Amino acid sequence: MIVQLRDLADAYDNDELLQAELMKFTCTRNPDVEYFLHQKALIFEKTHKSRTYIAVNETSLTSESSELDIIGYFALSLKHLNLDDTISKTKQKELHGLFVPYGNVVVGYLIGQLAKNDTHKATIGPQLLNAALDILRDQVQRVIGGRFVLIECAQHEKLLHFYQQNGFKILQIDTADDMAQLVHRL
């Protein structure tokens, strides 16, 4: 079951109890996603910087205990993207829409975090990614528009292959941090 962090915050008596549950999440392969959930997710939620969605075992929500069985999570936000000068006018037009405005900046949706809890063995990456895309398509794009989703990830073959298998295409490499920037048209 996918639950928005904001709804979990409303359900808990105080942030400290919820924060303690979030601290149980582990992702040894990517300490950045672990750090985000531990230290930033609640703050970003309250300041409307992003929205975090938690995949939880449904029985942990219905039990008398306040313990969450977190399977994984993802975070969504807006992102402006500086297009490299090597991006073709055709590709720029596809990202912008009908025309290419002055400058190389486009705005899209960012799936900023996507991670599975180390305590769960099942492969859930495709389900988490599809849940994120469904929310963006069915709820966000329907209400306010938008043309594409962006993923920024390390240039690891398995990661790139995973996103490409799920409809993302490499757009460019960010020279500032050497991250691959992949896009998916909504």
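Key figures for this structure:
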| item | result |
| --- | --- |
| Extreme residue, farthest from L22 (Cα to Cα), among residues of the range 75-90 that are open to solvent by 50 Å² or more (accessible area, probe 1.4 Å) and not polar (S, T, N, Q) | K89 |
| Residues being of a type in the set (S, T, Y) and modelled with pLDDT of 90 or more - total across the range 50-93 | 5 |
| Odd one out for I111, checked against (1) assigned to a strand (DSSP E or B); (2) at pLDDT below 85 | (2) |
| Test result for I71, under 17 Å from I124 (Cβ atoms), aliphatic (A, V, I, L, M), in contact (Cβ under 8 Å) with a residue 12 or more places away in the chain and open to solvent by 20 Å² or more (accessible area, probe 1.4 Å) | yes |
| Pair list, Cβ < 8 Å and 6+ apart or interchain, from the range 102-118 residues that are free of Cβ contacts under 8 Å to residues at least 24 places away in the same chain and among the polar types (S, T, N, Q) to residues that are in a loop (DSSP other than H, G, I, E, B) and surrounded by fewer than 23 Cβ atoms within 10 Å (Cβ to Cβ) | N104/L83; N104/D84; N104/D85; N104/I87 |
| Cβ-Cβ under 7 Å pairs, at least 6 apart or on other chains, the range 7-20 side of a type in the set (D, E), far side in a helix (DSSP H, G or I) and surrounded by 13 or more Cβ atoms within 10 Å (Cβ to Cβ) | D15/A9; D15/L42 |
| Output for the range 123-163, where each listed residue is outside any loop (DSSP other than H, G, I, E, B), without any contact (Cβ under 8 Å) to a residue 40 or more places away in the chain and either open to solvent by 90 Å² or more (accessible area, probe 1.4 Å) or among the charged types (D, E, K, R) (or both) | D134, D138, Q139, R142, V143, I144, E157, K158, H161 |
| Pair list, Cβ < 8 Å and 6+ apart or interchain, from the range 168-186 residues that are crowded, with 19+ Cβ neighbours inside 10 Å to residues that are part of a loop (DSSP other than H, G, I, E, B) and polar (S, T, N, Q) | A180/Q155; H184/N166 |
| Every residue from the range 21-50 that is open to solvent by less than 50 Å² (accessible area, probe 1.4 Å) and under 16 Å from G72 (Cα atoms) | E21, L22, F25, T26, C27, V33, E34, F36, L37, H38, A41, L42 |
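The values are calculated or read from the model by the stated rules, or taken from the named source; none is laboratory data. A quick note: this is a predicted structure, and the numbers were derived from the prediction, not measured. Glycine also receives a Cβ, built like all others from the backbone with ideal geometry; neighbour counts cover every protein chain displayed. The protein model used for the area step is the full one, side chains on, heavy atoms only, and it has no ligands, DNA or RNA in it. Shrake-Rupley method; radii C 1.70, N 1.55, O 1.52, S 1.80 Å.
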